[in-house]
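Take a look at the structure below.
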Amino acid sequence: MTSPTKAEDSGSAAVLDPELTATTDVAKGEKQPEGRSPGQLMWQRFKRDRTGVVSACVVIFFFVVALLAPVISKLYGKDPYTLYAQEPDYPFLLDDFAMPNGSFGGMSGEFWFGVEPKLGRDVFTMLLYGMRTSLYMAVAVTLLSVITGVIIGLIGGYFGGRVDYWLGRVTDFFLGFPQQLFFIAFMPIVTAMFVDPQDETPTYLRAVAIILVMWFLGWMGLSRLVRSSVLSLRDREFVEAAKVSGAPPGRIVRKEILPNIVTPILVQATYILPSTILTIAFLSFIGVGFVEPTPDWGRMFKVGTEVYEQDPMFLLFPGAALVIFVLAFNLLGDSVRDAFDPKTGR
């Protein structure tokens with residue numbers, strides 16, 4: 001005869017046995033909870049952040065519009081280069097002072113955002129193509145800066161010693177350049193290296209020169225950030241275990257260290273891109289970036305500051321677009337940071 005104590009013990013063991021519990025649950029057809037990866041957890045936190053979701057939608061909208069600018073322009077029936085005030089179909093776009101006829105800068109069913117003062121070009125398509133120019137150049141500069149900064153920061157932080165010393169001095173050297181003054185002084189030199197000063201510089205060459213100059217001076221901050229993160233990780237237990245197992249340095253950096261510094265890299269990239277857009281606009285505004293007839297936000301600002309008293313609407317549209325995009329991208333960066341690191345508690 002089995003004692004009650006032993007029966008109770010065996011029953012308790014059966015209930016507490018995880019294998020038996022799992023078997024019972026599967027037999028009942030109950031859904032088992034699944035473990036989620038860090039990426040899935042980040043995505044769940046990000047979806048709960050309404051500010052981040054709205055900001056992401058705004059940023060995606062801007063990039064889609066910039067990508068589809070030629071399609072939108074074709075459907076709209078206008079382009080950013082034609083001087084519509086000189087076309088026989090639109091004889092009264094500008095008044096005697098070369099200002100747009102009508103209210104709100106000449107806004108109408110034909111010209112949704114009005115026309116440009118003095119030349120009579122369509123503002124809507126100028127804004128679309130200016131957005132396209134700024135966004136995709138900023139993406140190119142950001143990618144090059146991030147790749148360069150990550151590589152130099154990883155090498156210096158992991159190997160240390162003389163390698164870190166000399167890479168640190170090179171970084172200090174580039175940080176010593178006054179960026180704005182360097183842009184103004186060096187842009188004409190870069191273009192003059194390939195084009196005779198008496199000839200017009202092609203637009204593609206100006207774009208390449210801007211990308212090279214901004215890349216040249218844009219990677220140092222991220223490199224310092226990556227280096228400090230690697231220094232805090234290279235002596236951790238999992239890195240030492242990989243060294244003991246005989247893994248080569250390249251594999252350790254790629255498999256053990258790099259995945260642990262993705263968060264600061266991604267967050268920093270979300271701050272670099274809007275800053276790059278502002279710098280591109282600044283270069284065109286002061287006349288060392290894009291010039292006529294290339295559509296660009298900075299050039300629109302330059303024209304707008306000259307005519308804002310007579311036609312404030314021409315300055316309103318590019319200004320509003322730039323502010324909305326930069327604000328949305330900065331808020332998106334904050335939301336991405338909070339999603340990766342919930343301890344920030346914003």
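The values are calculated or read from the model by the stated rules, or taken from the named source; none is laboratory data. Quick caveat, the model's predicted, so the values are computed rather than measured. A quick note on method: Cβ atoms are made from the backbone with ideal geometry, for glycine too, and the neighbour counts reach across all protein chains shown. Surface areas here come from the heavy atoms of the whole protein model, side chains and all, with no ligands, DNA or RNA. Shrake-Rupley method; radii C 1.70, N 1.55, O 1.52, S 1.80 Å.
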>> Test of the criteria: in region 242-315, which GluC sites (Glu not before Pro) are in a DSSP loop and have at most 15 other Cβ atoms within 10 angstrom of their Cβ?
In response: E309
>> Checking understanding here: applying a Kyte-Doolittle mean of at least 1.0 and a length along the axis of at least 30 Å (C-alpha), which whole DSSP H helices in the chain pass?
In response: 123-159, 262-285, 312-340
> Tell me, what is the percent relative contact order of the chain, built from C-alpha pairs under 8 Å that lie six or more residues apart?
Replying inline: 23 percent
> Could you give the length gained on full extension between A320 and V170, defined as 0.36 nm per residue of separation minus the Cα-Cα distance, in nm?
Replying inline: 50.1 nm
>> At 10 °C and a viscosity of 1.306 mPa s, what translational diffusion coefficient does Stokes-Einstein give for region 47-165, taking Rh as the Kirkwood radius over Cα pairs? Give it in µm²/s as a whole number.
In response: 89 µm²/s
> In debye, nearest 20: dipole of region 163-321 around its Cα centre with unit charges on the Cβ of K, R (+) and D, E (-)?
Replying inline: 900 debye
> What percent do you get for the relative contact order of region 76-153 when only Cα pairs under 8 Å and 6+ apart count?
Replying inline: 26 percent
> With every protein chain in place, what's the accessible area of W297 (1.4 Å probe, Å², nearest 10)?
Replying inline: 0 Å²
> Sorted by accessible area (1.4 Å probe), largest first, how do S229, S108 line up?
Replying inline: S108, S229
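Rank these by accessible area, largest first, 1.4 Å probe: F285, F173.
F173, F285
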> When semi-axes √(5λ) of the Cα gyration tensor in Å is calculated directly from the model, which label among [x] 55, 31, 14; [y] 33, 24, 19; [z] 41, 37, 18 fits?
Replying inline: [x]
> Hey, how many Å between the Cα centroid of region 181-254 and the Cα centroid of region 87-144?
Replying inline: 35 Å
> Which whole-number value in Å³ per residue fits the convex hull of the alpha carbons of region 134-275?
Replying inline: 120 Å³
>> How much length would be gained if the chain were fully extended between T82 and S108, taking 0.36 nm per residue of separation minus their Cα-Cα distance, in nm to one decimal?
In response: 7.6 nm
> Given the pairs K47/K302; K47/K74; K78/K302, which are separated by over 32 angstrom at their Cα positions?
Replying inline: K47/K302; K47/K74
> Expressed in whole Å with the largest first, what are the equivalent ellipsoid semi-axes of region 281-346 derived from the C-alpha gyration tensor as the square root of 5 times each eigenvalue?
Replying inline: 34, 14, 8
